[in-house]
Structures are given as structure tokens and as C-alpha cells.
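Trainee: Dumping the structure here so I can ask a few things about it.
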Amino acid sequence: MASTQKKAFVIPLLMILVTLASDQAVSRLLDVASISQKHEEWMSRHGRNYLDSAEKDMRFQIFKKNYKYVEKFNNAGNNTYKLSINAFSDLTTEEFLASHTGFKMSPNPRVSKTTTPYSNQNLTDDEVPESFDWRNQGAVTDIKYQGSCGCCWAFSALAAIESALKIKNGQLLNLSEQQLVDCDISNSGCSGGSMDTAFKYIIENRGVAAESSYPYQESDGTCDQQEATNTAAQITGYEDVTSNNEQQLKIAVHRQPVSIGISVGEEFKSYGGEIFNGNCGDRLNHAVTLVGYGQTEEGTKYWLIKNSWGTSWGENGYMRILRESSGPQGNNTYKLGINAFSDLTDEEFQASHTGSKMPISNPRFSKTITSFKYQNLTNEVPENVDWRDQGGVTDVKNRGRCSVAAVEGIVKIKTGELQQLSEQHRLDCVQLGNDCSGGNMESAYDYIVENSIASESNYQYQEHKGPCDQAKAAKKAAEIIGFIKIANANEMQLKVFVAQQPISVYINTDGDFRQYTVGIYNGNCKDSINHAVVIVGYGVSEDGTKFWILKNSWGSGWGERGYMRIIRESGFPKGPCGILTMPSFPDAQ
């Protein structure tokens, strides 16, 4: 009898366990089916096609991993930013970094003899506004998309020039990243480069073409000498903001958008908005542009980054990243999301969408600021600057790893004409260290100074380095007369610069940088730079958080329509994601 009762007890228990196991299996199947449907919708939205079923399955597995990571992150409820599914969601972080970064440090920059002493040498952080966004000044060109060419350094350099030109002469032009990719032989085109080297090229080339005359091709090409000489903007030199000094960087960004190198990673790739304070790493591998800074209502300070990963990334291509931060903040001020990069591994993303490199030789046409000169400016820098509001920023481009946004900005500021300049011109024609594997903004600037730069329409982006098309390169759309590097800067000083024009900066895109969707980014980046963007402004959120406005080159689907607000006054020695490493900006007549 006891044995019968025992069996009667065990059988229902087994039935319950079987039922629970069955329910869990069904739940997993439904989960996979749901994600599969989302993957199909994502493919349709981003126009993604795969070679065969094997590749599709492989990309789906990456997409699913990224999707679950984003969902888990956003559901945690204790983050100050969010992630999102974006155009990179079928890439691993490694793939993404390989294709969408490419910044290379440019050590031992040479001081340009063509530049004049910096005008705001006595500014202090207290004398610049708490928030500034160059987009609000109409001095930031639209978010661009560099695609899978690692020329973020070109996008960052030109973004700063574009804004500087707008500030100086009132003309906002889209300048040619392709000219830098093709013609700046000191950089490596789609294989990476540095903004300082890009500035040097622009000075030596006596300008850079407009995007319309030398359109972006998203690949290395042959320098079109004809288009490269058809310059639309010029700079006379560039200055480097003091490294690892957010106060000085703040002052610089208030003067104009600033090109910076940053460290990007998994969270950065999937950034979906708000203030990023994620884990970036310390290796600068990407270049973006600081276009502003600000502070949220809660008091969180952030930088505003313009990226070159398109408008589907981050906050329409922008990121707000934590400013004045001494380390991870515990609570995140931004969100990640599934985006165009969600089927990429981190390695794939870094390989294809970063690529900034510090220059290995001294740029010829740069002026380096080693001691900051703005100690005495009082109340002359607004609290919020957005060069986009001034018409000084061209549209966000999808250029993978590079940008000419700084050149476009300064041309707009100087001439009043906003042009899309040719990244492909730079990619094809800048010979030293600029190709789809990365490059630096300094080489691009040097090339543009000497050769000018074509417009995007005349020298279109191909997403790979090609032979320099001399005919296209000769059709100059823009010129710069030099560029300025800000050494040993702090964020307060950078703010002064961004208030004057967009600034090219190097950044690191490790961590969740690529998944940034919205908010003020304060993720945990690294100091080692691999990407270049342009600071097009800065501001302060309603909660008091200060941020920089960055224009990226990953398309408008990334971040905040291609931009990022990144924390400002973060307290990190090199700034959030390394943006204080060596900010620079072009000078134009």
C-alpha cells in the first residue's frame, strides 16, 4: 500500500517536470522564432542580403546574440543610457571595429608656420557656457555613413573643417572624405589614419574638394588629381587641444567642433541614446567629432559626438557621452539598441567602422597648443553650442571609419556655404597611412591644405580605397590654410574651441559604443584610440548632465540620427573614450 502511494506521488511530479520542460522548450522556440522575425524585418529595413543560407544563419546567430545583449542591458533598469539594434547588429564587435573604425595616433606633430597664435588663449572653463551645441548654430553638416571603410579619421577631420568654415565665413559645405582616402598618402585610406595627417594633407593640397565633386565611394581609390585640385575649402593650419584635459577640450569645442580619437567597443557600437558611460576600453581606435557639450536636467555633464556611422546609430548619428567622469558611474545615462551593426561581432565592427591612427610623423601644417591660452575669457562662451543649428554641419554620412566633417564645418563658418566634401578624395589621394584600414586626421588635413578637397558629388564615396583620380581631385570644392592641434587640453578648454567651430577628435569605440542609441554616453571606453569623429557642439541636459555633441560617419541610423551626446567633464584623464588625446581643427580663410 505504501509502495502504491509512493508511485502515485511520483507520477504527478514527473508529469509536472515534463510539462515545465516542455513549456520551456516551447518558450525557447518562440523566442528564436520572434528574433528570427525581427532579423528578417531588420534585413528588410537595412537592405541587407546574404550570399547563401549558411552566411544568413551565421549572421542570424550574431544578430541573436547582439539582440539578447541589448535586451538584457536595457531591461536592467540601472543604466544611464540605452543600447539598440542598428545597422551593425549582424556584426561581431571585432568585425565592426575592423570595418568601422581605423584611427591611428599621429605622434610628434610638427607645428605649422602658416598658422597664427590661437586667438582665445586666455579663456577658462568658467568663461564658456555650460552647454553648447554647434548644430544649433547651423555649423554641423549632416551625419554621414562611412560604411565598411576604416577612414573615420577623414570624416572626423572634415567634419571639424566643415564646421570651422561655417563659423568663419558662414558657408556650410560637405567636403570630400574620398579625396582624403584617395589622395592623402600619409594616411592609409580605408586601413586607418589620423586627423592631424589629414589636416596636413589639406594644407599642402591648398584645400579639399566638395563632397559633390569628389563623392564618397566607401573604398580605397586612385587619387583623382583633377577633382583634388578643385578645392572647395582650405585651412591654414591646425591646433591640437591639450591631451587628457576635459576642461581645455570644452573650451576648444566652444570655439569650434573638434576632431577626437576615441576607444569604441561592444556597447559603443550598439549605443542607442542618452548619456553613454559604458566600458569603452583604453585603446583609441576610432575618430569622431565633438560638436558640443551639455548637461542634463539631473546635472549629468556630457559631450556631444558626431559619428560617421549613419543616422540609425545612436541619437540620429550622434552620441552624448559622459563628461567630467573619473571612471564608471554605476548608473548609465544612455541606451543601447539593435542597429545596422547588430549582426557584426565586435571584431568585425572595429575592423570595418573604425580606423583612426595617430600620425607617425609631424604634420607639416599644424600648430600645436602645448600651454593653453584662454585663461582670461569671461562669459564669452555660451553654455550650449550646436553647430548644426548654425547650418555648419553637413548631413551624417555612412562612411564606415572616416569623416571630413571638421573641414565642412569650418568652410561653412568661413564662407557661409555648407558643402558635402569628398571622403573618397582623401581616401584615394592621401598616400601615407590613410586607407580603409585606418588613417589619421592630421595627414588628411595636410593633404587638404596642399591640394584642397573635392566635393562629394564630384568624387563620390566608394567605401574602399582606390587610385587617386587626379581629374576629380583637381575639382576643388574647399580649402583650408592649416590646422591646429590642442595638446594637454582639458574639457573646459576644449569647450572654448568647440564654441568657435567643430573640432575633430580621436576616440575609442570599444565596448558598447557602436550600439549607442540615445542619451548621454558615459560607457567604459579605452584610452587607445581607433576612430575619429567631430565635436559639433556641447550642451547641458535638463538634469544638469554636461555633454559633447559628436558627429559620426556611421550613418543616420546610428545613435541620435548619426550623432552622439557623450559625457562632458567626465574626469577621465583623456576624456570620455579618449577624446582629449589629440583634438584638432582646421583653419580656413
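Quick note: the coordinates plus some simple rules give every number you see, no bench work behind them. Just so you know, these numbers come straight off a predicted model, no measurement behind them. Here Cβ is always computed from backbone atoms with ideal geometry, including for glycine, and neighbour counts include all displayed protein chains.
Trainee: Expressed in whole Å with the largest first, what are the equivalent ellipsoid semi-axes of the stretch 195-282 derived from the C-alpha gyration tensor as the square root of 5 times each eigenvalue?
Mentor: Each semi-axis is the square root of five times an eigenvalue, giving 30, 20, 12 Å.
Trainee: What list of ³J(HN,Hα) values in whole Hz, one per residue of the stretch 462-473 in order, does the Karplus curve 6.51 cos²θ - 1.76 cosθ + 1.60 (θ = phi - 60°) give from phi, with Gly and Pro shown as x?
Mentor: Once θ is set to phi - 60°, the couplings for the stretch 462-473 become 10, 6, 7, 6, x, x, 5, 7, 4, 5, 5, 5 Hz.
Trainee: Let me ask something else. Just order 293-300, 98-105, 80-87, 173-180 by mean Cβ neighbour count inside 10 Å, highest at the front, would you?
Mentor: Highest mean packing first, the order is 173-180, 98-105, 80-87, 293-300.
Trainee: Separate question: Taking the mean number of other Cβ atoms within 10 Å as a proxy for protection, how do you rank 450-460, 577-587 from highest to lowest?
Mentor: Packing proxy ranking, top to bottom: 577-587, 450-460.
Trainee: Still on this structure, please answer the following. Where does each of D386, D142 land when they are ranked from fewest to most other beta-carbon atoms within 10 angstrom?
Mentor: The most exposed by this proxy come first: D142, D386.
Trainee: Place +1 on the Cβ of every Lys and Arg and -1 on the Cβ of every Asp and Glu in the stretch 448-589, take the dipole about the Cα centre, and give the residue among I567, C525, V496 whose Cα lies farthest towards its positive end.
Mentor: Among I567, C525, V496, the one farthest towards the positive end of the dipole of the stretch 448-589 is V496.
Trainee: Something else: How big is the gap, in Å, between the Cα center of the stretch 76-92 and the Cα center of the stretch 468-486?
Mentor: Measuring centre to centre over Cα atoms gives 37 Å.
Trainee: Let me ask something else. Arrange I185, I338, I260, I480 by Cβ neighbour counts within 10 Å, fewest through most, would you?
Mentor: Ordered from fewest to most neighbouring Cβ atoms within 10 Å, I185, I338, I260, I480 come out as I185, I338, I480, I260.
Trainee: Which FRET efficiency value, to the nearest 0.05, is calculated for R45 and E297 with the Förster distance at 22 angstrom and r the Cβ-Cβ distance?
Mentor: Efficiency, from the Cβ-Cβ distance: 0.10.
Trainee: Excluding same-chain residues fewer than 8 positions from K335, which aspartates and glutamates have a Cα within less than 15 Å of its Cα?
Mentor: E71, E266, E267, E274, E315, D512, E560
Trainee: Also, I was wondering about something else. Could you give me the ³J(HN,Hα) list for the stretch 247-264, computed from phi with Karplus coefficients 6.51, -1.76, 1.60 and θ = phi - 60°, whole Hz, x at Gly and Pro?
Mentor: 5, 5, 5, 4, 5, 5, 5, 5, 6, 5, x, 10, 7, 9, x, 9, 9, 10
Trainee: Could you sort the peptides 340-353, 263-276 by per-residue average Cβ neighbour count (10 Å cutoff), highest mean leading?
Mentor: Highest-to-lowest ranking by the protection proxy: 263-276, 340-353.
Trainee: Let me ask something else about it. What is the fewest-to-most order of K64, K38, K301 by other Cβ atoms lying within 10 Å of their Cβ?
Mentor: The most exposed by this proxy come first: K38, K64, K301.
Trainee: Let me ask another. Just flag the GluC sites (Glu not before Pro) in the stretch 494-589 sitting in loop per DSSP whose Cβ has no more than 15 other Cβ atoms within 10 Å.
Mentor: Sites meeting the loop and neighbour criteria: E542.
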